[in-house]
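Data first, discussion second: the structure below is written as structure tokens.
The values are calculated or read from the model by the stated rules, or taken from the named source; none is laboratory data. This structure is a prediction, so every number in the text was calculated from the model and none was measured. Here Cβ is always computed from backbone atoms with ideal geometry, including for glycine, and neighbour counts include all displayed protein chains. With ligands, DNA and RNA removed, areas are computed over all heavy atoms of the protein, side chains included. Shrake-Rupley method; radii C 1.70, N 1.55, O 1.52, S 1.80 Å.
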Amino acid sequence: MLLFALAYLGGNAWAQKQKIGPSGYPVPRFISLKSDRVNVRVGPGRDYDIAWTFVRARLPVEITQEYGDWRRIRDWEGKTGWIFKSLLTGYRSALITPWNKAPEKTPLLRRPGPNERIIAYLKPYVLAGVLGCQGGYCHVSGKDFEGWVDQTKLFGVYSDENFE
């Protein structure tokens, strides 16, 4: 897990290696699962075995490769596999510090910035929608919360990514 966290924090390298895939979109990129039940296969086709099944919609995954209508993904644990493109959506979501096993909580801020007021604390694995990122902070929302989080605390965005 420590190696995964270090690799993730090196998100600048991921973003710098982006290229345009056959779909016309950048690779790598973050997207999310469209459905509550998504099979991940060991290869790009229905003839390949199912490696595992996700059971929660909107979980963030990173597309690392494209082959026809199939997308090779990487999840927050670093596991990889293939998903049919219609089971994915461009909706941006993130998991709060999924690499933290300790009960450390992530501050949710009223506005972006290191000295802003903390309005709540989010536990690891909380799923949030990402409304945008700027200057190292992301505007997130979920059930009963909305605010800003330090971008390095999220799996689902690159550490240097800015968007609205």
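If I go through the stretch 132-164 residue by residue, how many of them are free of Cβ contacts under 8 Å to residues at least 24 places away in the same chain and assigned to a loop (DSSP other than H, G, I, E, B)?
The number of residues fulfilling the criteria is 2.
Taking into account only those residues within the stretch 122-164 that are open to solvent by 30 Å² or more (accessible area, probe 1.4 Å) and polar (S, T, N, Q), which is farthest from PRO103 (Cα to Cα)?
ASN162
Tell me, please, whether a residue that is at pLDDT 95 or above and under 13 Å from LEU33 (Cα atoms) can be found in the stretch 138-161.
The answer is yes; a qualifying residue exists.
Considering each of ILE63, ILE83, ILE118, ILE73 in turn, give the residue that is open to solvent by 50 Å² or more (accessible area, probe 1.4 Å), of a type in the set (Val, Ile, Thr) and either touching a residue at least 24 places away in the same chain (Cβ under 8 Å) or over 16 Å from ILE31 (Cα atoms) (or both).
Answer to the check: ILE118.
Can you find, within the stretch 34-60, the residue that is surrounded by the most Cβ atoms within 10 Å (Cβ to Cβ) among those that are touching a residue at least 60 places away in the same chain (Cβ under 8 Å) and part of a loop (DSSP other than H, G, I, E, B)? Even if it seems obvious, please write down each step before you answer.
Narrowing the stretch 34-60 to residues touching a residue at least 60 places away in the same chain (Cβ under 8 Å): 56, 58-60.
Restricting the remaining residues to those that are part of a loop (DSSP other than H, G, I, E, B) gives 56, 58-59.
On the way: ARG56: 11, ARG58: 18, LEU59: 20.
Per the criteria, the residue is LEU59.
TYR121 versus (1) assigned to a strand (DSSP E or B); (2) among the aromatic types (Phe, Trp, Tyr); (3) closer than 29 Å to SER23 by Cβ: which is the lone unmet condition?
(3)
Within the stretch 16-33, which residues are surrounded by fewer than 16 Cβ atoms within 10 Å (Cβ to Cβ) and either on the phi < 0 side of the Ramachandran plot or at pLDDT 95 or above (or both)? Show your work before the answer.
First pass over the stretch 16-33, keeping only residues surrounded by fewer than 16 Cβ atoms within 10 Å (Cβ to Cβ): 16-20, 22-26.
Answer for the stretch 16-33, where residues must be surrounded by fewer than 16 Cβ atoms within 10 Å (Cβ to Cβ) and either on the phi < 0 side of the Ramachandran plot or at pLDDT 95 or above (or both): GLN16, LYS17, GLN18, LYS19, ILE20, PRO22, SER23, TYR25, PRO26.
Do we find that TYR125 is in contact (Cβ under 8 Å) with a residue 60 or more places away in the chain, under 23 Å from LEU33 (Cα atoms) and either basic (Lys, Arg) or out of contact with any Phe, Trp or Tyr (no Cβ under 8 Å at 6 or more places or on another chain) (or both) in this structure? Before you say what the answer is, go through the steps one by one.
On the way: in contact (Cβ under 8 Å) with a residue 60 or more places away in the chain: no; under 23 Å from LEU33 (Cα atoms): yes; either basic (Lys, Arg) or out of contact with any Phe, Trp or Tyr (no Cβ under 8 Å at 6 or more places or on another chain) (or both): yes.
Against the criterion (in contact (Cβ under 8 Å) with a residue 60 or more places away in the chain, under 23 Å from LEU33 (Cα atoms) and either basic (Lys, Arg) or out of contact with any Phe, Trp or Tyr (no Cβ under 8 Å at 6 or more places or on another chain) (or both)), TYR125 does not qualify.
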